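Enquirer: Dropping the structure in here first, questions after.
The values are calculated or read from the model by the stated rules, or taken from the named source; none is laboratory data. Everything quoted here is computed from the prediction, not taken from an experiment. Ideal geometry is used to build each Cβ from the backbone, glycine not excepted, and the neighbour counts take in all protein chains shown. The accessibility values were calculated without ligands, DNA or RNA, using every heavy atom of the protein model including side chains. Shrake-Rupley method; radii C 1.70, N 1.55, O 1.52, S 1.80 Å.
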Amino acid sequence: MHTIHGYRGVLWIGIFALSVILSGCGPQTATVRDADACTTIVQPGESIQAAIDRAPDGAVICLANGTWDESLRIDRSVTLRGQGKDLTVIRSGRFGQPAIWITQGSVHLEDISWVGGSGGGLVSSPPSAALSATGTSTVSVIRCRLADSFPCGVFLADQVAASLEDSELTNNTQYGLVVIGEARAEMTGCLVSGNKDGGVWVSDAAQVDMVDAQLTRNQGPGVWVRDDGRVLLSSCTIDRSQGAGVLAYGSAQVTLERSTLSANWDPGVQLFDRTVLNISESALRSNWHGIELLGSSQAYVERCQISKSRWDAVRVGGSAVLQITASRIEDSLRGIAVTGGATARIQDSFLERCRSVALYAVASDVSGSGNAFSANGVDLFGDIDGGIRRPLQEAAETQVEVPHPSYATLQDAVDALAPGGRLVLREGTFVAGIVLDKRIFVTGEPGATLSARDPQAPVLSLVKGADVEISGVRLTGGSEGVAAAADARVTLIDCALAENETGLGLWSSSLAVLLRTEIVANRQVGAWIWDDASARIEDCTLIANSRGAVGVGGRAQLILENSLVERNGRPGSESWGGILLMGTAHAEFIENRFVSNDTFGIATYGSPCIGRGKQFFGQISGRDNVFAGNAGQPVCPGDVMLSLSPPGAPVPEE
C-alpha cells in the first residue's frame with residue numbers, strides 16, 4: 001500500500017516536470033511595457049503592416065523587442081510604439097523603399113530604430129529614407145533612431161508637419177533630415193551626426209525649427225538652406241562639419257539665437273545671394289571664417305562672440321550688408337573685413353587680439369561708433385573713418401616723447417596728441433601697429449625704429465583724415481611699413497622702409513611723398529601703388545626688394561626722380577625687377593639709375609614682358625634715365641624706351 005502511493009507521487013512529479021519542459025518549446029511572448037495602453041501588440045515574426053491595415057484610427061500598435069524587415073506604409077492616424085531604439089528595430093524590407101512611408105493621417109512613432117533601404121535617391125518617390133512623409137500628414141517622432149539609410153534619415157515633403165524629439169539622425173548616406181516643398185519640421189533635443197553629405201537640407205518654401213539640437217561631425221554643411229527656406233536654431237550646437245556650419249542660398253532666411261557654431265571646416269555661417277541672417281547671443285569659435293557674406297546677403301549680429309577664426313571673424317563682400325552691435329570679435333587673424341562695395345555698420349562692439357587687422361575695409365562703406373579696440377596687430381586698415389574707433393586717450397597734448405610713463409602703448413601716445421601735435425621717438429625700437437587719422441608729425445632721434453606688432457599687420461596704418469609727416473624713422477617687420485588708404489597723406493623724409501612684406505602700400509586716393517628715404521630688402525615689393533593713389537619718390541634708394549622695386553596699377557600715378565633702383569627681383573621667383581606698370585597708370589621717370597635688377601629695369605604687365613595679352617593702357621614719360629646690368633631688357637617692351645627721353649634726345653642704353 002505504501003509502495004503504490006509512492007509510485008503515484010513520483011508519477012505526478014514527472015508529469016508536472018514534463019509539462020514545464022514542453023511549455024518552453026512553444027512560441028515566446030515578449031513582454032511590452034504599458035501593455036494596457038496598447039490596442040494591438042505585435043511580436044517578432046508577426047507582420048506590422050498587417051496590424052496597421054486592420055487598425056482603427058487612433059490605434060496604438062505596440063511592438064515588442066525584436067527586428068523586423070518590412071517596408072511600412074501608413075495612410076491613417078496610428079501610433080507605433082517600440083520598447084526603445086536599441087531594442088525595437090525596423091529595417092526596410094524592399095530595395096529602394098523607405099522603412100516607413102506616411103501619406104496621410106496623424107502618426108506617432110516612439111522608441112523605435114528605423115533603417116531605410118538603398119538604391120533610391122532624393123528624386124525617388126518616395127526616397128528610400130528611414131522615414132518618408134508626404135501629402136498632408138502629421139508626424140511626431142519621439143526617442144527614435146533614423147540611421148544608416150540612403151539617401152537620408154528623414155524625408156519630409158508637400159505640406160507635411162513633423163516634430164522630432166530626443167531622436168538621432170545618424171550615419172545616413174546623404175543627409176540626416178531633408179525638408180522640401182512646404183513641409184514644416186520642429187526638432188527638439190535631437191542629434192544629427194555623421195551624415196555623409198550634410199546634416200539638414202531645407203529647400204523650396206520649407207521651414208525647420210531646431211531647439212537644443214546637436215549637429216556634429218557631418219561630412220558637409222551642418223545645415224544647408226536654399227530657395228525660400230527658413231531655419232531657426234535656438235540653443236543649438238553645430239560643430240566639426242566638413243563644410244559650413246550653416247550654408248544659405250537664394251532667398252533663404254536663417255535665425256540663430258543662443259547657439260554655438262564651432263570647429264567647422266568652412267565658415268560658421270556662409271551666406272550667398274539674397275539670404276538674410278539674424279543672429280543673437282551666440283558664439284562662433286574656431287571656424288574658417290566666423291560669418292561670410294557674399295552676393296547681396298544681409299546679416300544682423302547682436303550680442304555675439306566670434307573668436308578664434310582661422311581667417312576672418314566676419315568677411316563681407318559683393319554688395320552684402322552687415323550690421324553688428326554689442327558683440328565681441330576676438331583672437332582671429334582679421335576681425336571684420338569689408339570689401340568690394342559691401343556695407344557694414346559696427347556699433348558698440350569690442351575687437352580684440354586680432355593678429356593682423358581688427359577692421360579692414362577697402363572699396364566699401366563702413367561706419368559706426370563706440371567700438372573698443374585692444375591688442376590687435378593694427379586696429380584699422382583701409383577706407384575707414386577713424387571715428388569708428390573709441391580713442392584710448394583724450395586728444396589734448398601738443399607733443400609727446402616716448403617712451404612716456406603715462407602712455408602704455410604708442411597708440412595711447414598718438415591718441416593723446418591734438419591735431420598738429422608731434423610724436424618724438426627716442427633712440428630704440430618701439431612696437432607700433434598704430435592707426436593715424438589726423439594731422440601729426442613723427443620725429444625720430446638717431447636709431448629710432450618702429451616695428452610691427454605682428455608680421456601680418458602694417459607698422460603704420462593711415463586711414464581717412466590722416467596727414468602725417470615722418471622723419472628720421474626706420475619702419476620694419478610688418479605686412480607694410482606704411483599702409484595708406486582713403487584720402488590719407490604721408491610724407492617720409494630721411495626714413496627707411498626695410499624688411500617688411502611691402503615697404504609702402506597706397507590704395508584709394510591716398511598720396512605719399514618720399515624724400516631721401518631707403519626702400520630696401522622688403523620680402524615682396526618696395527612700394528605698391530594702386531587705385532587712384534599717387535606717389536612722388538625723389539632722391540631715394542630702392543634696393544634688394546624681392547619681387548620688384550615698385551608696382552603701379554589701376555589709375556595710380558608715380559613720379560620717380562633722381563633715385564637708384566638696384567638689385568631688385570630674385571632669380572627663379574615671379575619677379576619683374578625694377579618698375580612694373582599695369583592698368584591705366586601714369587608714370588614719369590626723371591634722372592634715375594636702374595642697375596642690376598633681375599629681369600627688367602621697367603616693364604609693363606602683359607605679353608611679351610610679364611603675363612599675357614596687353615594689360616597696360618596708361619602713359620609713360622621721362623628723361624635722362626640710365627640702365628645698366630639688368631638681367632633682361634632695360635625696358636620691356638622695347639618701344640617704351642622712346643617714352644623715357646624727349647624727342648631728339650639720345651636713348652640711354654645698357
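Enquirer: Give G433, G447, G420 a once-over and let me know the one that is under 23 Å from I388 (Cα atoms) and either without any contact (Cβ under 8 Å) to a residue 24 or more places away in the chain or among the β-branched types (V, I, T) (or both).
Expert: Testing whether each residue is under 23 Å from I388 (Cα atoms) and either without any contact (Cβ under 8 Å) to a residue 24 or more places away in the chain or among the β-branched types (V, I, T) (or both) leaves just G420.
Enquirer: Turning to a different aspect of this structure: Give me the residue from region 511-521 that is within 15 Å of R567 (Cα to Cα) and among the hydrophobic types (A, V, I, L, M, F, W, C) and, out of that set, surrounded by the fewest Cβ atoms within 10 Å (Cβ to Cβ).
Expert: Only one residue tops the list, namely A521.
Enquirer: Could you figure out which of (1) outside any loop (DSSP other than H, G, I, E, B); (2) crowded, with 24+ Cβ neighbours inside 10 Å; (3) not polar (S, T, N, Q) isn't true of A457?
Expert: Among (1) outside any loop (DSSP other than H, G, I, E, B); (2) crowded, with 24+ Cβ neighbours inside 10 Å; (3) not polar (S, T, N, Q), A457 violates only (1).
Enquirer: Quick check on my filter: what residues within region 498-510 are surrounded by fewer than 24 Cβ atoms within 10 Å (Cβ to Cβ) and closer than 22 Å to T339 by Cβ?
Expert: E501, W507, S508, S509
Enquirer: Please find, among A157, A162, A147, A99, the residue that is under 36 Å from the mean Cα position of the chain (by Cα) and closer than 25 Å to P44 by Cα.
Expert: Exactly one of A157, A162, A147, A99 is under 36 Å from the mean Cα position of the chain (by Cα) and closer than 25 Å to P44 by Cα, namely A147.
Enquirer: Suppose we filter region 522-543 for residues that are part of a loop (DSSP other than H, G, I, E, B) and open to solvent by less than 40 Å² (accessible area, probe 1.4 Å); how many remain?
Expert: 4
Enquirer: Sort through L256, L232 and tell me the only one that's at pLDDT 95 or above, crowded, with 24+ Cβ neighbours inside 10 Å and touching a strand residue (DSSP E or B) at 6+ places or on another chain (Cβ under 8 Å).
Expert: Unique residue meeting the criteria: L256.
Enquirer: Condition check: modelled with pLDDT of 95 or more and in contact with a strand residue (DSSP E or B) (Cβ under 9 Å, 6 or more places away or on another chain). Does E574 satisfy that?
Expert: no
Enquirer: For region 29-44, which residues satisfy the criterion of being surrounded by fewer than 17 Cβ atoms within 10 Å (Cβ to Cβ), of a type outside the set (V, I, T) and touching a residue at least 12 places away in the same chain (Cβ under 8 Å)?
Expert: A30, R33, D34, A35, A37, Q43, P44
Enquirer: Taking region 239-252 only, how many residues are of a type outside the set (S, T, Y) and surrounded by fewer than 19 Cβ atoms within 10 Å (Cβ to Cβ)?
Expert: Qualifying residue count, region 239-252: 3.
Enquirer: For region 146-153, state whether one or more residues are in a loop (DSSP other than H, G, I, E, B), open to solvent by less than 40 Å² (accessible area, probe 1.4 Å) and among the acidic types (D, E).
Expert: No - not one qualifying residue is present in region 146-153.
Enquirer: With a cut-off of at least 3 residues that are open to solvent by 30 Å² or more (accessible area, probe 1.4 Å), name the strands (runs of 3 or more DSSP E) lying wholly within region 555-647.
Expert: Where strands (runs of 3 or more DSSP E) fall fully within region 555-647 and carry at least 3 residues being open to solvent by 30 Å² or more (accessible area, probe 1.4 Å), they are 557-561, 619-623.
Here is a yes/no grid of residues against (1) part of a strand (DSSP E or B); (2) open to solvent by 10 Å² or more (accessible area, probe 1.4 Å):
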| residue | (1), (2) |
| --- | --- |
| G181 | no, yes |
| E186 | yes, yes |
| N195 | no, no |
| V208 | yes, no |
| Q219 | no, yes |
| P267 | no, no |
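Enquirer: Only residues that are over 30 Å from the mean Cα position of the chain (by Cα) and among the small types (G, A, S): list them for region 455-484, please.
Expert: G465, A466, S471, G472
Enquirer: Quick check on this structure: which one of V468, V482, V435, V490 is touching a helix residue (DSSP H, G or I) at 6+ places or on another chain (Cβ under 9 Å) and open to solvent by less than 10 Å² (accessible area, probe 1.4 Å)?
Expert: V435
Enquirer: Would you check if there is a residue in region 463-476 being part of a loop (DSSP other than H, G, I, E, B) and charged (D, E, K, R)?
Expert: No, region 463-476 contains no residue that is part of a loop (DSSP other than H, G, I, E, B) and charged (D, E, K, R).
Enquirer: Residue by residue through region 272-313, note down the ones that are in contact (Cβ under 8 Å) with a residue 40 or more places away in the chain, hydrophobic (A, V, I, L, M, F, W, C) and touching a Ser or Thr at 6+ places or on another chain (Cβ under 8 Å).
Expert: A313
Enquirer: In region 310-360, what count of residues is obtained for those that are open to solvent by less than 10 Å² (accessible area, probe 1.4 Å), more than 26 Å from L392 (Cα to Cα) and within 14 Å of the chain's Cα centre (by Cα)?
Expert: 2
Per-residue answers, yes or no, for (1) of a type outside the set (G, A, S); (2) touching a residue at least 24 places away in the same chain (Cβ under 8 Å); (3) under 24 Å from G420 (Cβ atoms); (4) touching a strand residue (DSSP E or B) at 6+ places or on another chain (Cβ under 8 Å):
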{"site": "A488", "(1), (2), (3), (4)": "no, yes, yes, yes"}
{"site": "L492", "(1), (2), (3), (4)": "yes, yes, yes, yes"}
{"site": "C495", "(1), (2), (3), (4)": "yes, yes, yes, yes"}
{"site": "E499", "(1), (2), (3), (4)": "yes, yes, no, yes"}
{"site": "G503", "(1), (2), (3), (4)": "no, yes, no, yes"}
{"site": "L514", "(1), (2), (3), (4)": "yes, yes, yes, yes"}
{"site": "V520", "(1), (2), (3), (4)": "yes, yes, no, yes"}
{"site": "W528", "(1), (2), (3), (4)": "yes, yes, no, yes"}
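Enquirer: I'm trying to understand the selection: among the residues of region 582-601, which are in contact with a Phe, Trp or Tyr (Cβ under 7 Å, 6 or more places away or on another chain) and over 14 Å from G554 (Cα atoms)?
Expert: Hits for region 582-601 are F594, T599, F600, G601.
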